[in-house]
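Trainee: Before I ask anything, let me first share the structure, which is written out below as structure tokens.
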Amino acid sequence: MKLAYRWITLANRNYFLYLNRALAPFGLNSSQYQFILNLFDNPGITQDKLPELICINKSNVARTLAQLEKKGLIRREVNQDDKRTATVFLTQRAYELYPQIMSVIEVWDNAVTKVFSVQDKEILLALMQRLAGRAAELRDATPHALTK
């Protein structure tokens, strides 16, 4: 049986290898860039909302935010609505890096999808969006529940 996830995982691994090399000059890696992108789109989001948004556990979020803060790319402030949580913002330096990060991503996306026609790429994107949505729906399911 041919499994779709084998190819998705392989493509993702290659993408992360590329990102680690391409983002190194900016002092970033394949784990950290996602925070920059998500904070660009969601300035002032609370730290406790990031695990679900980025699909990683809370301890990885805390560790990565500490790394980004040390690099001067984010700042955390006490949430005025709930003093137990922190809101997270990009710094000016991160905003200046954002277009360069996006360029790195777009170069990869264009190169890797060059083997597709415009129509095939649109179909691929639609299928991958559906697949990602379905995966999000099922991420907390047990193997037993998935076989029903």
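Trainee: I'd like the projected area of the chain, averaged over all directions, using the convex hull of its alpha carbons. Report it in nm² with one decimal.
Mentor: 11.5 nm²
Trainee: With an 8 Å cut-off on Cα pairs and a minimum separation of 6 or more residues, tell me the relative contact order of the chain in percent.
Mentor: Here the relative contact order equals 19 percent.
Trainee: Fewest to most neighbouring Cβ within 10 Å: what's the order for M1, M102, M128?
Mentor: The order, fewest Cβ neighbours first, is M1, M128, M102.
Trainee: Report the net charge of residues surrounding L124, where surrounding means a beta-carbon distance below 15 angstrom and charges are Lys +1, Arg +1, Asp -1, Glu -1.
Mentor: With Lys, Arg at +1 and Asp, Glu at -1, the neighbours total 0.
Trainee: On to the next question. Of V118, I105, H144, which is farthest on the positive side of the dipole of segment 53-148, counting Cα position, with +1 on Lys and Arg Cβ, -1 on Asp and Glu Cβ, and the Cα centre as origin?
Mentor: Highest projection toward the positive end goes to H144.
A short reminder: the numbers here are calculations on the coordinates, not readings from a lab. From a predicted model like this one, the values you see are computed outputs, not experimental measurements. With ideal geometry, Cβ positions are generated from the backbone for all residues, glycine too; neighbour counts draw on all protein chains shown.
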